[in-house]
Amino acid sequence: MSTHPQAGARRRERTAVRDAASRTADRTAASAEKRAQQIWVEGAAPILPSRATRPEQVVFHLGPTNSGKTYDSLQALAAEGSGVYAAPLRQLAHEAYERLSAELPAGTVGLSTGEEEIDPMAPIVCCTVEKAPMRGDLLVLDESHWVADADRGHHWARLLLTGEYREMHLISAAEALLLLRPLVADAKKTTIVNHKRLSRLDLLKQPVRPDAVRPQTLVVAFSRKAVYAVAAALDPARPGKVGVLYGALPPATRREVIERFTRGELEVLVTTDVIGHGINVPASAVLFAETTKFDGQQVRPLRTWEAAQIAGRAGRYGLTGHGSAGVLTGVSGLKPDLGLVAAGAEVARGDAMSDLPKRAPRLRPELDDLGAWMAVDLPEALTRWMAWARAATKDEAMTADDVTDLVARVHVLLPLLRGPLGAGADLETVWRLVTLPIDYNPPRRTRWLVLARAALSHLAGLPVEAETVLVPYPLRGTVEDYEQAAAAARDAQTLLRQFPGVGGLTSEDAAEVEEACAATITELLPEAISATASGRCTGCGTAVAPWFPTCRDCRVPTGGGSRPDGRTGRPGGGRPARSGGERSTTGRGRSEAGRGGRRATGGEPGRAATADTPPAGRRRRRGRG
């Protein structure tokens, strides 16, 4: 049957009209939404976070490492008898707590680090910045230049902008003054105290070989594998006297290692840049085994301010005599730059300005800043807040923090909230979950989601297995196995402090598992160091870089095959396929797993643990495996 030409034309005309109307409606809706967002941004009062009570006085303690900045500030806190010491690391909070506790009457000083609480209501509290109260008599803020840190700087910015303290003492490198001053511009009085280094710091002009390293020496490398490789190279000259220190170790193990080095039980300590954040040890020398690091995005040379923070650990006033800084040579694959170390030592002495990044302090919202009514509103509210904050801080000495990670977490949770798990999840609960200080970067992202789901299930009255929240203590494993179990236990502690009772557990249960793992790691470390094949191919013994287990010839190609000499590998030594955690053969990059000193990934150099039970004295609870 044929169709009349006029009927077809009419149908096409009606379709064109409908399409045009649809496009017009879409444009109108988009315009209305854009205008609504503009009205929201324009209508929101562009008022930055502020305090109701201005500080009476702000004292800037500026200077290089080992110049008495922290000592003078703690003396002021002790004299005041009431206030807060806040620092970026638990170890620093512990040091201040122990120092003040030795000087002041019992019950005067407390500790609050997120991982442990000791008399947190005491007149003086030593804490990490995230745990610092927002008001008090006197605030001592150590390592204040962390306000420029891309990940955690917003905690410093919020504390400085809104903390209601009568007096503040800000300890920092001199270069950070321009970043810090605008955050306390409302202070009635400002005082700047310039500190000079208290001990000499010399440069060792010749590289030092492993067999010539002296006692009281810190050797620095920037990945877990490199730390073990360097320790293994040093161990033959001082068997059992070499220790390791890196971010993946549990805090209790780190404290034990530092105490053993301080007592002289360990003569050499191989460490990552965790040592550069104000930790005080009796080191007479600092040697750099490498001067490049993976910063989360790329492998790059150290900045001079980073080298200065580390080199300045040598020659601590009151602990050792004068200090020296240099480079360690003789470890396969590691080629430190003496010129970079020399520049860092010059900054550490206070003879030159550093290249501290000029990042503007960042603001991150709190729930009350968002104007959200329900959890489903959070993604749009966060996005709109970021637009407002960027506009509000356009002419200020700060900027809006990137909150896309919070938006991503909300989007992951929203589908769960539509089912039974949403029964007990109000807006505040969801906000507490998305802001849990648990790493959201792969591979830890899955861990956060597992814990968040467990909390939602518990709040909805659904059963939660204890093992879902708290990974059982490993009955047998390597140092890395126990590091990962300890990290999982710390995550469980973080959750259980916010949501006690999930899986029938408390934060004390998780702390017990972490302590047991830390004790086992402490026992296994000497064997792990001595068992490491320092820079040697596991197949033929050829010298290789620490992040390669085998040389190029011994590496198995993708398609299999064998060599004429009977070993499997790539004939002719062709370029092998790169694998996770290995260094680029071009030297231009390497994976985060292989170079990130804060993560425990990759192969474990130590041997398996021989103990089948937790250390003596560690009580095992039901449900730990």
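Would you call Asp211 more than 24 Å from Val268 (Cα to Cα) and either among the acidic types (Asp, Glu) or surrounded by 15 or more Cβ atoms within 10 Å (Cβ to Cβ) (or both)?
no
Can you tell which of Arg166, Arg99, Arg158 is under 28 Å from Val403 (Cα atoms) and outside the structural domain of Leu496 (by TED's automatic domain parsing)?
Arg158
Consider only pairs whose beta carbons are under 7 Å apart and that are at least six residues apart or on different chains; among these, list those whose first residue lies in segment 411-434 and is closer than 18 Å to Arg497 by Cα and whose second residue is surrounded by 19 or more Cβ atoms within 10 Å (Cβ to Cβ) and among the small types (Gly, Ala, Ser).
Close Cβ pairs (under 7 Å, with a partner that is surrounded by 19 or more Cβ atoms within 10 Å (Cβ to Cβ) and among the small types (Gly, Ala, Ser)) amount to Ala425/Ala375; Val430/Ala375; Leu433/Ala452; Leu433/Ala455.
Report every pair of residues separated by at least 6 positions or lying on different chains whose Cβ atoms are under 8 Å apart, first residue within segment 187-210 and in contact (Cβ under 8 Å) with a residue 40 or more places away in the chain and closer than 22 Å to Ala314 by Cβ, second part of a loop (DSSP other than H, G, I, E, B) and aliphatic (A, V, I, L, M).
Partner pairs satisfying both residue conditions: Pro210/Ala237; Pro210/Val331.
Being in a helix (DSSP H, G or I) and farther than 23 Å from Thr520 by Cα is the requirement here; does Leu462 meet it?
no
If only one of Lys358, Lys335 is under 24 Å from the mean Cα position of the chain (by Cα), surrounded by fewer than 17 Cβ atoms within 10 Å (Cβ to Cβ) and outside the structural domain of Ala425 (by TED's automatic domain parsing), which one is it?
Lys358
One line per residue, one yes/no per condition, for (1) modelled with pLDDT under 95; (2) under 20 Å from Arg254 (Cα atoms); (3) assigned by TED's automatic domain parsing to the domain that holds Ala237; (4) not in a loop (DSSP other than H, G, I, E, B):
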| site | (1), (2), (3), (4) |
| --- | --- |
| Gln484 | yes, yes, no, yes |
| Arg490 | yes, yes, no, yes |
| Ala511 | yes, yes, no, yes |
| Cys517 | no, yes, no, yes |
| Cys540 | yes, no, no, no |
| Pro549 | yes, no, no, no |
| Gly560 | yes, no, no, no |
| Gly566 | yes, no, no, no |
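Condition test on Leu139, is it in a helix (DSSP H, G or I) and either among the aliphatic types (A, V, I, L, M) or not assigned by TED's automatic domain parsing to the domain that holds Ala389 (or both)?
No: the conditions fail for Leu139.
Might you let me know whether segment 106-128 holds any residue that is among the polar types (S, T, N, Q) and more than 27 Å from Asp439 (Cβ to Cβ)?
yes
Scan segment 437-450 and tell me whether some residue there is in contact with a Phe, Trp or Tyr (Cβ under 7 Å, 6 or more places away or on another chain) and more than 20 Å from Ser507 (Cα to Cα).
yes
Which one is nearest to Lys131 (Cα to Cα), of the residues in segment 44-83 that are of a type outside the set (S, T, N, Q) and touching a Phe, Trp or Tyr at 6+ places or on another chain (Cβ under 8 Å)?
Checking each candidate, the answer is Gly83.
Search segment 86-106 for residues that are within 23 Å of Leu249 (Cβ to Cβ) and pair each with any residue that is surrounded by fewer than 22 Cβ atoms within 10 Å (Cβ to Cβ) and among the small types (Gly, Ala, Ser) when their beta-carbon atoms are under 6 Å apart and the residues are at least 6 apart or on different chains.
Listed pairs, sorted by first residue: Leu92/Gly278.
Inside segment 384-393, can you point out the residues that are in a helix (DSSP H, G or I) and either surrounded by 15 or more Cβ atoms within 10 Å (Cβ to Cβ) or in contact (Cβ under 8 Å) with a residue 60 or more places away in the chain (or both)?
Across segment 384-393, the qualifying residues are Arg384, Trp385, Met386, Ala387, Trp388, Ala389, Ala391, Ala392.
With the checklist (1) in contact with a Lys or Arg (Cβ under 7 Å, 6 or more places away or on another chain); (2) at pLDDT below 95; (3) surrounded by 14 or more Cβ atoms within 10 Å (Cβ to Cβ) in hand, flag the one item Leu161 doesn't pass.
For Leu161, the exception is condition (1).
When you check Arg152 against the structure, is it touching a residue at least 24 places away in the same chain (Cβ under 8 Å), under 26 Å from Ala489 (Cα atoms) and surrounded by fewer than 20 Cβ atoms within 10 Å (Cβ to Cβ), yes or no?
It is true that Arg152 is touching a residue at least 24 places away in the same chain (Cβ under 8 Å), under 26 Å from Ala489 (Cα atoms) and surrounded by fewer than 20 Cβ atoms within 10 Å (Cβ to Cβ).
Within segment 45-63, does at least one residue satisfy the condition of being among the β-branched types (Val, Ile, Thr), under 30 Å from Ala345 (Cβ atoms) and modelled with pLDDT of 75 or more?
yes
Residue check, Arg35 against (1) under 22 Å from Thr383 (Cα atoms); (2) among the basic types (Lys, Arg); (3) at pLDDT 75 or above, all met but one. Which one?
Unmet for Arg35, out of (1) under 22 Å from Thr383 (Cα atoms); (2) among the basic types (Lys, Arg); (3) at pLDDT 75 or above: (3).
So Glu523 clears everything in (1) in contact with a helix residue (DSSP H, G or I) (Cβ under 6 Å, 6 or more places away or on another chain); (2) within 30 Å of Val331 (Cα to Cα); (3) acidic (Asp, Glu) except one condition, right? Which one?
It fails just one condition, (1).
Looking at Leu449, Leu436, Leu413, Leu475 in this structure, which one is assigned by TED's automatic domain parsing to the domain that holds Trp385, aliphatic (A, V, I, L, M), in a loop (DSSP other than H, G, I, E, B) and under 22 Å from Glu380 (Cα atoms)?
Criteria check complete, one pass: Leu436.
So Gln298 ticks every box in (1) touching a residue at least 40 places away in the same chain (Cβ under 8 Å); (2) more than 24 Å from the chain's Cα centre (by Cα); (3) surrounded by fewer than 19 Cβ atoms within 10 Å (Cβ to Cβ) but one. Which box is left unticked?
Gln298 satisfies all of (1) touching a residue at least 40 places away in the same chain (Cβ under 8 Å); (2) more than 24 Å from the chain's Cα centre (by Cα); (3) surrounded by fewer than 19 Cβ atoms within 10 Å (Cβ to Cβ) except (2).
The values are calculated or read from the model by the stated rules, or taken from the named source; none is laboratory data. Source: prediction; values computed, not measured. Every residue, glycine among them, receives a Cβ derived from its backbone with ideal geometry; neighbour counts consider all protein chains shown.
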